[in-house]
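Trainee: Structure incoming, see below.
The values are calculated or read from the model by the stated rules, or taken from the named source; none is laboratory data. Worth saying up front: this structure is predicted, and the values here are computed from it rather than measured. As a convention, Cβ positions derive from the backbone with ideal geometry for all residues, glycine included, and neighbour counts pool all protein chains shown. Just so you know, the surface numbers come from the protein's heavy atoms only, side chains and all, with ligands and any DNA or RNA stripped out. Shrake-Rupley method; radii C 1.70, N 1.55, O 1.52, S 1.80 Å.
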Amino acid sequence: MFLQHLSLVNFKNYGGLEVELSSKINCFTGNNGVGKTNILDAIYYLSFCKSFLSNNDAVNIKHGDALFVVEGRYQVNDSQELIYCGFETGKRKRFKRNKKEYEKLADHIGLIPLVMISPYDINLITGGSDERRKFVDGIISQFDREYLFDLQRYNRVLAQRNFLLKQYGKTGYIDDSVLDIYDEELVETGQQIHIKREDFVSRMKPVFQQYFTHISKGRETVSLIYNSGLSNQNFREQLQSSRDKDKQARFSTVGIHKDDLDFMLGDFAMRRLGSQGQQKSYLVALKLAQFEFIYQQCGFKPLLLLDDVFDKLDSDRVEQIIMLVAQNNFGQIFITDTNPQRIHQVLSQIEGEYYHYHVSPNQLERVYETI
Amino acid sequence: MEQPKEVITFDPNEFVLMDLNQLPSRLLENAVNEFAKLPGIGKKTALRLVLHLLNQSETDTMQFTKTIEEMKKQVKTCNKCHNISEDELCSICSNPNRDNSVICVVESIKEVIAIENTSQYKGLYHVLGGRISPMDGIGPKDLNIESLIERTTKEPIHEMILALSTTMEGDTTSFYIYRKLSSSNVVLSTLARGISVGDELEYADEITLGRSLVNRIPYHGK
């Protein structure tokens, strides 16, 4: 599956744009602020029905205009899929597949799987544990509705339980028999979530390590550890033994809502000791492992978007990453970079098709192509 | 030529009038506000209803208010099951033809009416008056759970059907009752969950369809 043609109307800085795309590698190079990332964002829109930068659709309309349209023509096996996204200020967002409008946007998400690697991923390392749980939950629940259901249930029970504990702080009274019920319900859904997260991480880890070793040319060893209180001790017993602590703290102190992913460089935390380049390499490897996971689950290769991914990386690593993604394991790839020479130098060594676009304000020019 | 500046004065009475959609009478306003308190009724619909009542003959409008007053004053809740009733016991509890060995636990009177409309049930009811939800300020003590437990000791109840919502709060309430009855001999059951009757399978959501598969039932040819 790949995106053949992209057309934009009043999307961000583009008044109108038509791009023909290669089924393999597409590079967009140009100076800061010319709109390289906006092209990737448009492609992201067609997969996830939203911008990866903001949840507000209105900010994506070209300044001074009232609507934007993003259209993509995809080749899927032998047939074509035409995806349309239109948004007009004050109206709802419209999504169409082959000219037929979707009733729910959720029905579209998943049709065109996509993995994006962007500078914002750094939050996964520097941000709180909720960022990493969101990363794991987002991937698993794409393919497992039962997981999503359990997660929603768990969070609902947790909210009620925490509310009860908070009330205890105000009134000094708490009904332990209701806490017992909530504990049982947390155990029931929490254990399922725990099993699936554990399974997910154990499947991701070897793929991730392999990619990292490739990018770093084996100079560093990294690991990915699923850190959960449920791994060592029975969840039900934990809830029982921390009941008093929970009452003191006025919230639930144990459970899968405290889970984390530990990103390790050797024996140390990547967050503390990793250089910016090492952190970036780590994230790229992690996202490529995510790619592999989605590929295994849905049976075809997601689109891969690499936004400004080579910033902060040494030339060795840049070369390793491009060589890696240009192999047949990956499908269609979109890359943005400010340095046209760097990318051209590496890509000219590989076999296979690639398009190189030079982006200048509001327009694109194809400067190079190989077949 | 310089334009004279517009002087803005603030009259509190005028402000209040404007705020309530500029109704010409305060009496009308009060009536509209009362109607707008009803569920599903906005200011516009309230105004329409009030104007309608105003245009009716006085006897008709009086009949309307009298009916409501009587309803409010005379309708009681059943001492046993907390269903609405005109007497101490409701028409279901006092009906000797109902099966008093089965009791169906529901959240509100609305569910009693819904289940009665099925004509499939001949047992008794127990109305809880809500479901356990601390966030809405409802704990077990705010519901008619104690009286339910008491009924299992005083009445010849053999089976209890838990007919609560399938939301997390409904399940919590069912589970709470289950715990409370753990030492009792009453058989507990709950409504079947799965594909609705007359549904196309392809339109069923994954969770419902998945659960229906896991909890499939034996098929005997019809």
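Trainee: Based on DSSP loop calls and a cut-off of at most 11 other Cβ atoms within 10 Å, the longest stretch of chain A free of exposed GluC sites (Glu not before Pro) is what? It would help to have the intermediate numbers written out before the result.
Mentor: Numbers: sites that count: A:E103, A:E351.
That gives A:104-350 as the longest site-free run.
Trainee: 7 Å from Cα along Cα→Cβ at both B:T77 and A:R145: what's the point-to-point distance in nm?
Mentor: According to this spin-label approximation, the distance is 3.8 nm.
Trainee: Once amide H atoms are placed 1.01 Å from N in the peptide plane, what residues at a sequence separation of 5 or more from B:L188, or on another chain, have their amide H within under 5 Å of its amide H?
Mentor: B:M160
Trainee: Suppose we compare each residue of region B:169-188 in its chain alone and in the full protein complex with a 1.4 Å probe; which ones drop by at least 20 Å² of accessible area?
Mentor: B:E169, B:D171, B:T172, B:F175, B:Y176, B:R179
Trainee: Here is a further query. Only counting protein heavy atoms at a 1.4 Å probe, give the residues of region A:106-148, ordered by number, whose accessible area falls by 10 Å² or more when the other protein chains are present relative to the chain alone.
Mentor: Residues of region A:106-148 that lose at least 10 Å² of accessible area once the other chains are added: A:R145, A:E146.
Trainee: To continue, here is another question. Given springs between every Cα pair under 10 Å in a Gaussian network model of chain A, which of A:T336, A:T89, A:T171 has the largest fluctuation?
Mentor: Residue with maximal mean-square fluctuation among A:T336, A:T89, A:T171: A:T171.
Trainee: Also, I was wondering about something else. Calculate the length of the line joining the C-alpha centroid of region A:337-369 to that of region A:131-187, in whole Å.
Mentor: 49
Trainee: Given H placed 1.01 Å from N in the peptide plane, which residues other than close sequence neighbours of A:L306 have an amide H under 5 Å from its amide H?
Mentor: So A:L306 has HN proximity to A:I117, A:F334, A:I335, A:T336.
Trainee: Could I ask something else about it? Lysines within cross-link reach of A:K99: Cα-Cα under 26 Å, excluding same-chain residues under 8 positions apart?
Mentor: Straight-line reach from A:K99, under 26 Å: A:K12, A:K50, A:K62, A:K91, A:K301.
Trainee: Per residue, what accessible area does chain A have, given a 1.4 Å probe and all protein chains present, in Å²? All intermediate terms of the calculation are to be shown ahead of the outcome.
Mentor: Working: 16810 Å² over 371 residues.
Spelled out: the 1.4 Å probe surface of chain A, per residue, equals 45 Å².
Trainee: Where Lys and Arg each count +1 and Asp and Glu each count -1, what net charge lies around B:N144 among other residues with Cβ under 15 Å from its Cβ?
Mentor: On the way: positive: B:K76, B:K80, B:R131, B:K141, B:R151, B:K154, B:K180; negative: B:E107, B:E111, B:D142, B:E146, B:E150, B:E155.
Residues near B:N144 contribute +1 overall.
Trainee: May I ask what percent, to the nearest 5, of DSSP beta bridges between residues of chain A are antiparallel?
Mentor: Numbers: 45 of 62 bridges.
If I count the DSSP bridges inside chain A, around 75 percent turn out antiparallel.
Trainee: Turning to a different aspect of this structure: Rounded to two decimals, what is the ratio between the C-alpha radius of gyration of chain A and 2.2 N^0.38 Å?
Mentor: On the way: Rg = 23.1 Å, N = 371, 2.2 N^0.38 = 20.8 Å.
Rounded to two decimals, the normalised Rg is 1.11.
Trainee: Same structure, new question: Under the Karplus relation 6.51 cos²θ - 1.76 cosθ + 1.60, θ = phi - 60°, what is the ordered set of whole-Hz ³J(HN,Hα) values for region A:257-271, x standing for Gly and Pro?
Mentor: Whole-Hz 3J(HN,Hα) from phi for region A:257-271: 6, 9, 4, 8, 10, 8, 8, 10, 10, x, 9, 10, 6, 4, 4.
Trainee: Give the lysines reachable from B:K37 as a straight Cα distance under 18 Å; neighbours fewer than 8 places away on the same chain don't count.
Mentor: Output for B:K37: B:K72.
Trainee: If each of B:M135 and B:T45 carries a label point 7 Å out from its Cα toward its Cβ, how far apart are those two points in nm?
Mentor: So the label points at B:M135 and B:T45 sit 2.6 nm apart.
Trainee: Contour minus end-to-end for A:S360 and A:I122, with contour as 0.36 nm per residue of separation and end-to-end as the Cα-Cα distance?
Mentor: Working: separation 238, 0.36 × 238 = 85.68 nm, distance 2.75 nm.
Working it through step by step, the gained length comes to 82.9 nm.
Trainee: To the nearest 20 debye, what charge dipole does region A:47-107 have about its Cα centre, counting +1 at the Cβ of each Lys and Arg and -1 at the Cβ of each Asp and Glu? Show your work: numbers first, answer last.
Mentor: Numbers: 12 positive and 9 negative charges, 29 e Å.
Dipole size: approximately 140 debye.
Trainee: Shape verdict for region A:41-194, please, from the Cα gyration tensor: rounded (a/c under 1.5), prolate (a/b greater than b/c) or oblate.
Mentor: Working: a/c = 2.39, a/b = 2.04, b/c = 1.17.
Note, shape of region A:41-194 comes out prolate.
Trainee: So what are the ³J(HN,Hα) numbers for region A:169-174, from phi and the Karplus equation (6.51, -1.76, 1.60; θ = phi - 60°), rounded to whole Hz, Gly and Pro as x?
Mentor: So the J values, rounded to whole Hz, are x, 8, 9, x, 10, 8.
Trainee: Which of the trypsin sites (Lys or Arg not before Pro) found in region A:97-201 are loop residues per DSSP with 11 or fewer other Cβ atoms within 10 Å of their Cβ?
Mentor: For trypsin sites (Lys or Arg not before Pro) across region A:97-201 that sit outside H, G, I, E and B with at most 11 neighbouring Cβ atoms in 10 Å, the list reads A:K99, A:K104.
Trainee: Sticking with this structure for a sec: Choose one of B:T67, B:N55, B:V32: the residue whose Cα lies farthest towards the positive end of the charge dipole of chain B (beta-carbon charges +1 Lys, Arg; -1 Asp, Glu; about the Cα centre).
Mentor: Checked the options; the winner is B:T67.
Trainee: Given a 1.4 angstrom probe, what's the average accessible area per residue across chain B, in square angstrom? Walk me through the numbers before you get to the answer.
Mentor: Working: 15930 Å² over 222 residues.
I get 72 Å² per residue for this part.
Trainee: Roughly how many percent of the accessible protein surface of the protein assembly as shown is carbon and sulfur, given a 1.4 Å probe and a whole-percent answer? Let's see the in-between values first.
Mentor: Values: 16460 of 32750 Å².
Solvent-exposed carbon and sulfur of the protein assembly as shown make up 50 percent of the total.
Trainee: Right, something else. For B:K122 and B:T166, FRET efficiency with R0 = 22 Å and r from the beta-carbon atoms, rounded to 0.05?
Mentor: Details: r = 24 Å, r/R0 = 1.10.
Rounded to the nearest 0.05, the efficiency is 0.35.
Trainee: Now, a different point. Between the DSSP loop rule and a limit of at most 16 other Cβ atoms within 10 Å, which GluC sites (Glu not before Pro) in region B:15-86 are left?
Mentor: Passing both the DSSP loop test and the Cβ count: B:E86.
Trainee: Moving on. Only residues of region A:183-200 count here: report those whose backbone N is under 20 Å from the spot 7 Å along Cα→Cβ of B:I207, or say none.
Mentor: Once the point is set 7 Å along Cα→Cβ of B:I207, A:183-197 turn out to lie under 20 Å by backbone N, inside region A:183-200.
Trainee: Just to check, using Stokes-Einstein with a Kirkwood Rh over alpha carbon pairs, what's the diffusion coefficient of region B:84-218 at 10 °C and 1.306 mPa s in µm²/s?
Mentor: On the way: Rh = 16.4 Å.
Estimated diffusion coefficient is 97 µm²/s.
Trainee: Also, quick follow-up: Eight or more residues apart or on different chains, and alpha-carbon atoms under 21 Å: count the Lys pairs in region B:84-218 matching that. Numbers along the way, then the final one.
Mentor: Values: B:K110/B:K122; B:K122/B:K154; B:K141/B:K154; B:K141/B:K180; B:K154/B:K180.
Taking the Cα cut-off of 21 Å, the pair count is 5.
Trainee: Using amide H atoms built 1.01 Å from N in the peptide plane, name the residues 5+ places from A:I61, or on other chains, whose amide H lies under 5 Å from its own.
Mentor: Residues meeting the criterion, in which the H sits 1.01 Å from N, are A:K12.
Trainee: Under 8 Å for C-alpha pairs, at least 6 residues apart: give me the relative contact order for chain B, rounded to a whole percent.
Mentor: Details: 217 pairs, mean separation 25.0, N = 222.
Reported as a whole number, the value is 11 percent.
Trainee: Can you give the charge dipole size of chain A about its Cα centre, rounded to the nearest 20 debye, using +1 on the beta carbon of Lys and Arg and -1 on the beta carbon of Asp and Glu? Kindly include the intermediate steps, with their values, before the conclusion.
Mentor: Details: 45 positive and 48 negative charges, 131 e Å.
Result for chain A is approximately 640 debye, rounded to the nearest 20.
Trainee: Determine ³J(HN,Hα), in whole Hz, for all residues of region A:157-165 in sequence, where each value follows from phi through the Karplus function 6.51 cos²θ - 1.76 cosθ + 1.60 and θ = phi - 60°; x replaces Gly and Pro.
Mentor: 4, 4, 4, 5, 5, 5, 5, 4, 5
Trainee: Probe radius 1.4 Å, ligands and nucleic acids left out: can you give me the accessible area buried at the B-A interface, summed over both chains, in Å² to the nearest hundred?
Mentor: For chain B against chain A, roughly 1800 Å² becomes buried.
Trainee: Let me ask something else about it. So, R0 is 30 Å and r is the distance between the beta-carbons of A:D107 and A:A66; what FRET efficiency does that work out to, to 0.05? Before the final figure, lay out the partial values.
Mentor: On the way: r = 27 Å, r/R0 = 0.89.
In this case the efficiency is close to 0.65.
Trainee: Please state the relative contact order of chain A as a whole percent: Cα pairs under 8 Å, 6+ residues apart? Walk me through the intermediate numbers first.
Mentor: Numbers: 620 pairs, mean separation 91.8, N = 371.
Result for chain A is 25 percent.
Trainee: How many angstrom separate the Cα center of region B:180-222 from the Cα center of region A:29-91?
Mentor: For region B:180-222 versus region A:29-91, the Cα centre distance is 43 Å.
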